[in-house]
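Here, each number is a calculation from the coordinates, and none is a lab measurement. The structure displayed is predicted, hence computed values, not measured ones. Note that we place each Cβ from the backbone using ideal geometry, even for glycine, and neighbour counts take in every protein chain shown.
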Amino acid sequence: MSELSPRLARLKFRAWHRGTREADYMIGCFFDRFHAEWSDEDITLFETIIEEEDVDIMGWALGTMSVPEEYRGPMIDRMMKLDYVEIPRD
């Protein structure tokens, strides 16, 4: 496993420290599953998206809120599949 760049390490931390467990799993698992295949443009988009409120990001991913025009595209489409969320069951 290769070490993350400082930029990606910051994003990983931010993705996994959202404020609620639900958002941590949704956004953190999304980052873990897909960041290695992202272009610089994708990384910049993710940096912007995760500055939004958790309820908005989760609403877009769950399809309960419409996605703002600036975020519509492959990243949010992929997030909406929800097949990347891994919830540990103790």
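For this structure, a couple of remarks:
- Inter-probe distance in nm under a simple model that places probes 7 Å from Cα toward Cβ, at ASP54 and ALA9: 2.5
- Percentage, to the nearest whole number, of Cα pairs in the chain over 18 Å apart: 39
- Taking the chain as a Gaussian network of alpha-carbon nodes connected by springs under 10 Å, the highest mean-square fluctuation of the residues ALA23, ALA36, ALA15 belongs to ALA36.
- For the options GLU41, GLU53, GLU22, a Gaussian network treatment of the chain with springs between C-alpha atoms closer than 10 Å singles out GLU41 as fluctuating the most.
- 10 Å Cβ shell holding at most 15 others, DSSP loop, trypsin sites (Lys or Arg not before Pro): longest site-free stretch of the chain: 1-71
- Point-to-point label distance, ARG33-TRP16, nm (Cα→Cβ direction, 7 Å offset): 1.7
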